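See below for the structure under consideration.
The values are calculated or read from the model by the stated rules, or taken from the named source; none is laboratory data. None of these values were measured; they are calculated from a predicted model. Cβ atoms come from the backbone with ideal geometry, glycine included; neighbour counts cover every protein chain shown. All accessible areas refer to the heavy atoms of the entire protein, side chains included, with ligands and DNA or RNA removed. Shrake-Rupley method; radii C 1.70, N 1.55, O 1.52, S 1.80 Å.
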Amino acid sequence: MSNKAPSPLDLVRRHNLNLKKSLGQNLLIDPTHLARIAGAADLEATDTVLEIGPGLGALTHHLAERAGRVIAVELDQRLMPVLRAEFADRPHVSFVHGDILELNPAEIIHMLRPDQPGTTAAAEPYKVVGNLPYYITSAVLRHVLESLPPPTLAVLLVQQEVAQRMVAQCGAMSLLAVSVQFYARPRALHKIPAGAFLPRPKVDSRVVRLDVRAQPAVSDVEPARFFQVVRAGFSQRRKQLRNSLSAGLSCTKEQADRWLTSSGIEPRRRAETLSLQEWGMLTRTVYGTA
């Protein structure tokens, strides 16, 4: 079989497939954009790639040309025979049927390592590439970034609005921005118009690259405690921090005022204006570790 990637549209017709909107199945069919996504991951022949949601394998072909090993996790059981048939002549490409949110990325990579049978899971470096449906984007990001070990980088295709939120700075921060930037340095890359997909979505998308930090951006705080405080701060994001913290942490407004003032934060500020370091200081104050 030729290594040339078949057209996703041809595969849909050949296998009589109906794409499911419920699974967010908008397939990227433009080969130029597919190549640019794979290129953004800076892949080398020694790299292992975990692809999330290969669909019909259009992006998988480009990853397979660059990486030493590709493991793709697909939720839709109907697509597994198609994928395995299309990549039958590429032994370095494997497919796993399952929900990425219920799987440990590092364990998947280790279990499918043919030259290490029966050994315990090792901290093998890997990269993540994927086209994420809108309804699971935040959950997948947290799941991947909190994996042990996490990937060294991730290149993800997300909705334009989501990409903008991920790279936002102080004054326009969100819970998503804090969650991503705590673990990685995000960069918004090229935009992909809705017309490059099958079926056509309602909005444009953008490629985002996440260079994962060796250590979280905020030191000396437990991530669970950090995000408990952050979630409380964003629980009523249109309100002043003294109000949202009071509601989110079940304390009085006077106590919230004391925590904020001790952290050098004006209680009337809103959550979107705080930097990661300010969230860290607030967390240490709340838990008495400042």
By residue number, the members of segment 70-85 that are over 20 Å from the mean Cα position of the chain (by Cα) and open to solvent by less than 20 Å² (accessible area, probe 1.4 Å) are LEU79, MET80, VAL82, LEU83
Do we find a residue being at pLDDT 90 or above, at negative phi, outside any loop (DSSP other than H, G, I, E, B) and basic (Lys, Arg) anywhere in segment 6-29?
no
Inside segment 269-290, can you point out the residues that are open to solvent by less than 20 Å² (accessible area, probe 1.4 Å) and touching a Lys or Arg at 6+ places or on another chain (Cβ under 6 Å)?
ALA271, THR283
Within segment 30-69, residues open to solvent by less than 20 Å² (accessible area, probe 1.4 Å) and β-branched (Val, Ile, Thr) come out as ILE37, THR48, VAL49, ILE52, THR60
Within segment 168-204, residues being within 22 Å of ALA38 (Cα to Cα) and in contact (Cβ under 8 Å) with a residue 60 or more places away in the chain number 9
Going through segment 162-213 one residue at a time, which ones are surrounded by 15 or more Cβ atoms within 10 Å (Cβ to Cβ) and part of a loop (DSSP other than H, G, I, E, B)?
VAL167, ALA168, MET173, SER174, PRO201, ASP204
